[in-house]
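Engineer: Take a look at this one; I'll ask things after.
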Ligand SMILES: CC(C)(COP(=O)(O)OP(=O)(O)OC[C@H]1O[C@@H](n2cnc3c(N)ncnc32)[C@H](O)[C@@H]1OP(=O)(O)O)[C@@H](O)C(=O)NCCC(=O)NCCS
């Protein structure tokens, strides 16, 4: 099940099912609010009690503090996984954090996802439709708290974003991942993402390389 795909600096173990990315962006558009219900992908995760059961759903605008906390923790924990930096994002005001989620909630172009264990947010990802209105969905900000990794939450976040992309008729999902034999690369490859183009610096001046990866949807239900 696991072939080998060598791509520049990447060695990907190809596997099983299809699926997502890094990077950063700051949505900026209108505000209003309507809570969308996103069906959580349900991969099996073994937690001891129902109160600890995992779930994935869209962040609500009122949860901007939790989003801010998770995102800053992600940047501190995994500085080499994202195009943005802790220093940059720490400079954002609370109003900007709140506006990010309010804007996303009002937009049909954004899906800010939170992974929970019980009621505690422990992971995030952000899917965003291409600003040109094309049928391309970008995936950013994927992160799961270290103490909750390898239990299926990353895959659930990715599956939920992929399902959202499929449901809106997208043709392609794109992400960028830091080159290396990492969990992120394994996750994306096992979900069917393929490297596209040549690796480029993670951010200007970085010695780290990031590889774009793409998942093509071949019709609904594919
Ligand atoms: C990448 C990340 C989100 C995965 O989250 P997770 O909850 O641990 O992932 P899951 O438990 O759902 O595992 C999904 C897949 O990831 C890969 N994976 C997970 N843990 C792994 C490990 N320790 N070693 C190798 N691959 C691993 C596997 O392919 C796994 O699929 P499998 O369980 O069918 O073998 C998490 O490791 C993380 O936050 N990493 C740091 C931030 C980062 O790199 N983000 C990506 C930005 S592009």
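The values are calculated or read from the model by the stated rules, or taken from the named source; none is laboratory data. If you're wondering where the values come from, they're calculated on a predicted model, not measured in any experiment. Neighbour counts are summed over all protein chains in view; Cβ atoms, including those assigned to glycine, are modelled from backbone coordinates with ideal geometry.
Here is a yes/no grid of residues against (1) in contact with a strand residue (DSSP E or B) (Cβ under 8 Å, 6 or more places away or on another chain); (2) within 13 Å of the ligand (Cβ to nearest atom):
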| site | (1), (2) |
| --- | --- |
| 74 | yes, yes |
| 79 | no, yes |
| 88 | no, no |
| 95 | no, no |
| 102 | no, no |
| 123 | yes, yes |
| 126 | yes, yes |
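Engineer: If I filter segment 131-158 down to residues being surrounded by fewer than 24 Cβ atoms within 10 Å (Cβ to Cβ) and more than 9 Å from the ligand (Cβ to nearest atom), which single residue comes out as nearest to the chain's Cα centre (by Cα)?
Structural biologist: 138
Engineer: Considering only segment 105-121, how many residues are more than 14 Å from the ligand (Cβ to nearest atom) and under 17 Å from residue 61 (Cβ atoms)?
Structural biologist: The total comes to 8.
Engineer: Quick test of your reading of the structure: residue 6 fulfils all but one of (1) modelled with pLDDT of 95 or more; (2) outside any loop (DSSP other than H, G, I, E, B); (3) more than 26 Å from residue 152 (Cβ to Cβ). Name the failing condition by number.
Structural biologist: Going through (1) modelled with pLDDT of 95 or more; (2) outside any loop (DSSP other than H, G, I, E, B); (3) more than 26 Å from residue 152 (Cβ to Cβ) one by one, residue 6 breaks only (1).
Engineer: Please pick out the residue among 165, 210 that is crowded, with 22+ Cβ neighbours inside 10 Å and closer than 15 Å to residue 82 by Cβ.
Structural biologist: Sole residue among the options that is crowded, with 22+ Cβ neighbours inside 10 Å and closer than 15 Å to residue 82 by Cβ: 210.
Engineer: Might you check whether a residue that is more than 13 Å from the ligand (Cβ to nearest atom) and surrounded by fewer than 16 Cβ atoms within 10 Å (Cβ to Cβ) occurs anywhere in segment 172-181?
Structural biologist: No: segment 172-181 contains no residue that is more than 13 Å from the ligand (Cβ to nearest atom) and surrounded by fewer than 16 Cβ atoms within 10 Å (Cβ to Cβ).
Engineer: When you go through (1) in contact with a helix residue (DSSP H, G or I) (Cβ under 7 Å, 6 or more places away or on another chain); (2) surrounded by fewer than 19 Cβ atoms within 10 Å (Cβ to Cβ) one by one for residue 107, which number turns out not to apply?
Structural biologist: (1)
Engineer: In addition: Identify, by number, the condition in (1) out of contact with any strand residue (DSSP E or B) (no Cβ under 9 Å at 6 or more places or on another chain); (2) away from the ligand (no atom under 14 Å from the Cβ); (3) at pLDDT below 95 that residue 15 doesn't meet.
Structural biologist: Unmet condition: (2).
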